[in-house]
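To keep things clear, I will list the structure first and then write my remarks on it.
The values are calculated or read from the model by the stated rules, or taken from the named source; none is laboratory data. This is a predicted model, so every value here is computed, not measured. Here the Cβ is made from the backbone with ideal geometry for all residues, glycine too, and neighbour counts use every protein chain on show. For accessibility, only protein heavy atoms count, side chains too; no ligands or nucleic acids. Shrake-Rupley method; radii C 1.70, N 1.55, O 1.52, S 1.80 Å.
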Amino acid sequence: MDLLVAIDTLDDLVHNARAVPMTDQVRLPRGSLEAATEQLRAALPAAGLGANPEAEELLGRLEGVARSAKRVMLTKDVRVDKDELYEILDRLRALAGA
């Protein structure tokens, strides 16, 4: 999968997510967040960023956000900081040359 497509997939997921009232967080299905993160990891080498330390650091941050996401009771959703995800995605886009 192309890196920009993988970035846009996660961006769309965050953009269309339900907001958590009175916070900067959104609710995402844990499986969708993990799948989008895996797609990004798989797309890095094809984009020539497989050994790029900044790209690895950003992907590590993204994986950390996914791991530390708080579970939403009685659902398969998790709560994540929308602004942090957008910041990571914007920096990845810049690395990809978009």
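State log₁₀ I(q)/I(0) for the chain at q = 0.19 Å⁻¹ as given by the Debye formula over alpha-carbon point scatterers of equal weight, solvent excluded. For the chain at q = 0.19 Å⁻¹, log10 I(q)/I(0) is -0.84.
Across q = 0.21, 0.22, 0.23, 0.26 Å⁻¹, segment 34-80 modelled as identical point scatterers on its alpha-carbon atoms has Debye log10 I(q)/I(0) values of -0.71, -0.75, -0.80, -0.92, in the order of the q list.
Before I look further, what does the chain give for accessible area per residue, probe 1.4 Å, in whole square angstrom? Per-residue value: 57 Å². Placing a pseudo-label 7 Å from each Cα along the Cα-to-Cβ vector at residue 51 and residue 35 gives an inter-label distance of 3.3 nm. For the chain, the relative contact order comes to 37 percent (Cα pairs under 8 Å, sequence separation of at least 6). For the chain, adding -39500 (n - 2.57) for each run of n ≥ 4 DSSP H residues and dividing by the number of residues yields -20500 deg cm²/dmol at 222 nm. Taking a virtual spin label 7 Å from the Cα of residue 27 along the C-beta vector, which residues in segment 58-73 bring their backbone nitrogen under 13 Å of it? Flagged as within label range: 71-73. For the chain, with all protein chains in place and a probe radius of 1.4 Å, 53% of the accessible heavy-atom surface sits on carbon or sulfur. Less than 5 angstrom separates the built amide H of residue 25 from those of 20, 82, all sequence-distant by 5 or more or on a different chain.
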